[in-house]
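Written out below as C-alpha cells is the structure these notes cover.
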Amino acid sequence: MGRNVTSVNVPLADPRYHGPVIFRQSATDADNHGVATTAAGYVQDQIELTPHWQAIMGVRYDYFDVDFRNNRNGQNITNNDNLVSPRGGLIYKPLDNVSLYANYSNAYVPRAGEQLSSLTLTNQALEPEEFRNYEVGAKWDIRPDLLATLAFYQLDRLNALATDPNNPALSFLVDGQRTRGIELGISGNITEAWKVFGGYAFQNGQITESMSASALAGATLAQVPEHTFSLWNRYDITQQWGVGLGSVYRSKMYAATDNLVTLPGFLRFDAAVYYAINDTVQLQVNIENLFDKAYYASAHSNNNITPGSPIAVNGGINVKF
C-alpha cells in the first residue's frame with residue numbers, strides 16, 4: 001500500500017488484502033497518556049424472612065480517578081467519580097425446587113470511555129452514564145442435575161451523551177435508551193450421558209429520546225437482534241469418548257442507530273470431540289462454524305463490519321488438579 005494511501009478496496013468475495021502495509025502516524029492520530037486509579041467494595045446479604053420468602057440487599061461503592069494528558073496539545077484533564085450502586089430483590093419459593101424472584105440493580109460507566117480516549121474538557125463535568133435494570137423471573141430445578149430459567153427484564157440507559165444539534169461543540173445528557181426482553185434457559189443432564197446447555201432471548205431495544213441526527217427517538221438500537229438462540233449438546237459415548245454438537249442463531253440487526261445498514265441473520269453450527277485419558281486429563285478438539293457459513297458477526301459502524309470466522313479448528317488439554 002502506498003505511503004499516501006490510507007485504505008484499499010477489496011472484493012466482498014475475497015476480503016483479504018495481500019499487498020504491502022506501511023505504518024505511519026497521521027496528524028489526527030492520538031498521542032495520549034492516561035492513568036486510571038480505581039477502588040471498589042461491596043456488601044451483600046441474603047435474609048430469610050419466612051420459610052418461603054427471602055430478601056437480597058446489597059450496595060457497591062466505586063471510586064474512579066483519571067489523570068489524562070493529550071501530548072499533542074498539552075491539554076491536561078482530571079476527573080473523579082464516587083459511585084454508589086444499590087441492589088435489592090425478593091425471592092419467593094412456593095416449592096423447594098421452584099423460585100420466583102424480582103430484583104433491581106444499577107451500575108455506572110465513568111466518562112473516561114474506551115482506553116480513556118473519550119474524556120474531554122467538554123464532557124469531564126457530566127454525570128456518569130447510569131444503567132438501571134429491572135428483572136422478574138423464575139428458576140425451576142426440574143431434577144437435581146437439570147435447571148430451567150425464565151426472566152423478563154428492562155434495562156434503561158440514563159445520562160447518555162448527546163450532541164447539541166445547533167452547536168456541535170456542546171453536549172448534553174438524555175435518558176435515551178431502553179431494552180426490554182425475555183430469556184429462557186436450560187442446562188443440565190437429559191440422561192446420564194446427554195448434557196444440554198441452551199437459551200433463547202427475545203429483546204427490543206429503542207432510542208427513547210433523540211440523541212443526534214443519526215439516533216432519533218423510536219429508532220432501533222444498534223447491535224441488538226430481536227431473536228437469539230443457542231443450544232449445545234454433549235453426549236458421552238463411553239467413559240472416554242464424547243462428542244458435542246451445537247448451534248447459534250441470531251436474527252438480523254442494525255449496524256448503527258441510524259438504521260440504514262442491516263446485518264443479515266445467520267445460523268451457525270459448531271462441534272467437538274472429547275477424549276478422557278484419565279480422571280484428571282482430557283483432550284478435546286473444537287470445530288467452530290462446522291459448515292463454513294458466511295455471516296457477519298458484528299459492526300462498529302455502517303462501514304466497519306466484522307465478518308464471522310470461517311471454519312476454525314482448535315485443540316486443547318484440560319487438566320484437573
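Pick out the one residue from ALA276, ALA271, ALA201, ALA256 that is within 24 Å of the chain's Cα centre (by Cα), surrounded by 15 or more Cβ atoms within 10 Å (Cβ to Cβ), more than 20 Å from ARG180 (Cα to Cα) and not basic (Lys, Arg).
Values: ALA276 fails: within 24 Å of the chain's Cα centre (by Cα); ALA201 fails: more than 20 Å from ARG180 (Cα to Cα); ALA256 fails: more than 20 Å from ARG180 (Cα to Cα).
Of ALA276, ALA271, ALA201, ALA256, the one residue that is within 24 Å of the chain's Cα centre (by Cα), surrounded by 15 or more Cβ atoms within 10 Å (Cβ to Cβ), more than 20 Å from ARG180 (Cα to Cα) and not basic (Lys, Arg) is ALA271.
Assuming LYS293 fulfils every condition listed in (1) in a strand (DSSP E or B); (2) surrounded by 14 or more Cβ atoms within 10 Å (Cβ to Cβ) apart from one, which condition is it?
Looking at each condition in turn, LYS293 falls short on (1).
Name the single residue that is farthest from VAL136 (Cα to Cα) among those in region 25-41 being touching a residue at least 40 places away in the same chain (Cβ under 8 Å) and assigned to a strand (DSSP E or B). Show your work before the answer.
Filtering region 25-41 down to residues touching a residue at least 40 places away in the same chain (Cβ under 8 Å) leaves 30-32, 34, 36.
Now narrow it down to the ones that are assigned to a strand (DSSP E or B): 32, 34, 36.
On the way: ASN32: 44, GLY34: 40, ALA36: 36 Å.
Among them, the one singled out is ASN32.
Residue by residue, here is whether (1) polar (S, T, N, Q); (2) modelled with pLDDT of 95 or more; (3) over 22 Å from GLY205 (Cα atoms) holds:
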position: ASP96; (1), (2), (3): no, no, yes
position: SER105; (1), (2), (3): yes, yes, no
position: TYR108; (1), (2), (3): no, no, no
position: VAL136; (1), (2), (3): no, yes, no
position: LEU147; (1), (2), (3): no, yes, yes
position: ALA160; (1), (2), (3): no, no, no
position: PHE172; (1), (2), (3): no, no, no
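Being part of a loop (DSSP other than H, G, I, E, B) and either of a type in the set (Val, Ile, Thr) or modelled with pLDDT of 95 or more (or both) is the filter here; which residues of region 241-278 pass it? Show your work before the answer.
First, pick out the residues of region 241-278 that are part of a loop (DSSP other than H, G, I, E, B): 251-252, 255-261, 264-265, 277-278.
Scanning region 241-278 gives SER251, LYS252, THR257, VAL261, PRO264, GLY265, ILE277.
So, in region 203-240, exactly how many residues are modelled with pLDDT of 95 or more, in a strand (DSSP E or B) and more than 18 Å from GLY185 (Cβ to Cβ)?
Residues that pass the stated criteria total 3.
Return the total of residues in region 42-55 being in a loop (DSSP other than H, G, I, E, B) and either within 27 Å of VAL109 (Cβ to Cβ) or in contact with a strand residue (DSSP E or B) (Cβ under 9 Å, 6 or more places away or on another chain) (or both). Give the steps one after another, and end with the answer.
Taking region 42-55 and keeping what is in a loop (DSSP other than H, G, I, E, B), we get 49-52.
Retained after the next criterion (residues that are either within 27 Å of VAL109 (Cβ to Cβ) or in contact with a strand residue (DSSP E or B) (Cβ under 9 Å, 6 or more places away or on another chain) (or both)): 49, 51-52.
The qualifying residues number 3.
When the residues of region 56-82 are filtered to those that are within 28 Å of the chain's Cα centre (by Cα) and either in a loop (DSSP other than H, G, I, E, B) or among the β-branched types (Val, Ile, Thr) (or both), which remaining residue is nearest to ASN32 (Cα to Cα)? It would help to see each step written out before you state the result.
The initial filter retains those residues of region 56-82 that are within 28 Å of the chain's Cα centre (by Cα), namely 56-68, 79-82.
Pick out the ones that are also either in a loop (DSSP other than H, G, I, E, B) or among the β-branched types (Val, Ile, Thr) (or both) and you get 56, 59, 66.
On the way: ILE56: 43, VAL59: 34, VAL66: 13 Å.
For region 56-82, the residue satisfying everything is VAL66.
Out of all the residues in region 69-99, which are among the acidic types (Asp, Glu) and under 29 Å from VAL59 (Cβ atoms)?
Applying the first criterion (among the acidic types (Asp, Glu)) to region 69-99 yields 81, 96.
Across region 69-99, the qualifying residue is only ASP81.
The values are calculated or read from the model by the stated rules, or taken from the named source; none is laboratory data. The model shown is predicted, which means the values in this text are computed figures rather than measured ones. Cβ sites come from the backbone with ideal geometry, for glycine too, and all protein chains shown count toward neighbours.
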